[in-house]
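Notes follow the structure.
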């Protein structure tokens with residue numbers, strides 16, 4: 001089992017190395033357009049320069065900060081709204097088509113409205129990220145509220161519990177499993193939202209780096225932004241994985 | 001023994017799914033304090049529906065039940081499924097019902113956990129328990145309420161034969177020691193005969209009371225000892241005939 005795990009790790013590493021070497025060589029010998037596709041050495045150099053100019057962590061911090069705030073806000077707000085809708089199911093029935101419509105609308109389309117409403121600042125970036133995750137989260141949590149274990153529900157009926165006790169002891173804990181398993185999707189969706197927001201309005205952040213690189217035709221900077229973003233996304237994924245495993249132990 | 005605990009009068013139940021389906025017809029019975037009653041009948045005849053109506057989980061279509069006690073706080077219901085909270089450990093599951101009713105029975109529940117061999121597992125979660133252990137935990141949770149009326153809906157059906165005999169005996173002893181009135185729904189006639197003071201036989205759907213047997217065993221006999229008595233076989237035959245078990 002351990003050997004298989006090691007083999008998988010080795011193969012992953014091997015594929016990445018082969019990919020990077022091929023990319024470097026293809027770019028070096030002008031088989032691919034090095035201006036458009038850049039090369040791993042140029043990207044590394046660009047990231048090093050960002051680091052020595054004290055710019056790298058400024059951009060990462062801004063994006064990370066926006067992502068974490070949006071992520072936490074999205075979970076808290078969607079949880080509260082889901083509890084409200086669970087209590088007033090008729091309201092949910094009334095707004096369900098609207099939620100589905102809003103959810104399927106490309107969020108980039110409502111970006112300009114968000115900027116006009118909330119200003120050209122970080123708030124708009126967070127709202128853009130929320131616009132991507134919030135409705136999906138509400139629908140997921142609300143449905144998990146509805147799908148509680150029927151036997152447990154009947155058992156609580158035999159105890160004559162109040163509506164609040166049912167919510168506290170059955171409905172909310174039942175949804176933890178769904179909530180935990182949606183954390184990974186949530187963090188990547190939030191990151192997408194933040195980058196999209198940074199494309200629209202920002203003075204710093206990884207999204208800003210990418211959009212700035214495009215504007216000045218510095219495609220190495222664009223590629224560096226993408227590499228930093230992928231690394232950040234992977235680190236966030238690992239962190240959420242650890243949190244998820246810890247929570248699973250206690251809550252499921 | 002002669003004080004009434006509940007009285008069921010002219011009870012009828014109809015389910016309205018597409019067309020009305022009569023499930024229970026004219027059920028009349030008085031249940032007395034400390035009695036152990038079993039309800040037997042063919043599968044799907046309405047035994048559990050009757051139990052659900054007694055537990056206030058379902059409403060009768062007509063007729064009524066008179067409770068001669070505060071029925072909201074003193075009914076313990078154990079269902080076929082253990083219905084344990086997967087996110088609570090054994091101890092918290094065991095204390096759950098008492099907590100909901102603001103009853104402090106911690107020592108009593110601890111003793112029950114010890115008695116049923118679950119004390120060493122009190123920090124484990126339901127997913128780490130066997131089927132039998134889950135069922136025992138569900139029983140402890142129900143008994144932890146010290147209910148006046150204990151409703152058991154085929155609670156031993158998921159246990160192996162040996163555990164079934166031993167746990168049903170324990171429930172019988174506990175009910176008798178604490179004067180808890182017990183209504184057991186079961187499809188197992190032997191179980192009903194070995195445990196009960198009276199057995200109510202329901203007919204096929206729509207169910208009416210086909211027969212009520214007051215069992216004449218020596219009061220000091222344990223459930224397992226009843227199984228060796230000649231009377232046991234006689235009752236088995238009578239009830240079996242009522243349920244058309246020996247046809248073909």
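Rule-based calculations on the coordinates, nothing more; no lab input. The model shown is predicted, which means the values in this text are computed figures rather than measured ones. Neighbour counts run over all protein chains shown; Cβ positions are idealised from the backbone, glycine included.
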**Message:** What percentages make up the Cα-Cα pair-distance distribution of the protein assembly as shown when the bins are 20 Å wide from 0?
**Reply:** 18, 36, 24, 17, 5, 0
**Asked** Kirkwood hydrodynamic radius for chain B: how many Å is it when counted over pairs of different Cα atoms?
**Response** 18.7 Å
**Message:** Classify the range B:129-191 from the C-alpha gyration tensor, please: rounded if a/c falls under 1.5, else prolate or oblate depending on whether a/b exceeds b/c.
**Reply:** oblate
**Item:** Mean Cα-pair separation over length for the range A:38-251, i.e. relative contact order, pairs under 8 Å, 6 or more apart, %
**Value:** 30 percent
**Fill in**
Mean per-residue count of partner chain Cβ within 10 Å for B:94-104 equals 2
**Asked** To the nearest µm²/s, what D does Stokes-Einstein give for the range A:38-251 at 10 °C and 1.306 mPa s, using the Kirkwood radius over alpha carbon pairs as Rh?
**Response** 83 µm²/s
**Request:** Divide by every residue of chain B the summed helix terms, -39500 (n - 2.57) for each DSSP H run of at least 4, and state the resulting mean residue ellipticity at 222 nm, rounded to the nearest 500 deg cm²/dmol.
**Result:** -10000 deg cm²/dmol
**Message:** Report for the protein assembly as shown the percent antiparallel among DSSP-assigned beta bridges with both residues inside it, nearest 5.
**Reply:** 55 percent
**Message:** Which of A:155, A:142 has the fewest other C-beta atoms within 10 Å, and how do the rest follow up to the most?
**Reply:** A:142, A:155
**Prompt:** Peptide B:53-65: average number of partner chain Cβ atoms within 10 Å per residue?
**Reply:** 1
**Prompt:** Normalised by the number of residues in chain B, what is the relative contact order in percent for Cα pairs under 8 Å and 6+ residues apart?
**Reply:** 26 percent
**Message:** As a test of the formula, what do you get for chain A when each DSSP H run with n ≥ 4 contributes -39,500 (n - 2.57) and the sum is divided by the residue count, at 222 nm and rounded to the nearest 500 deg cm²/dmol?
**Reply:** -28500 deg cm²/dmol
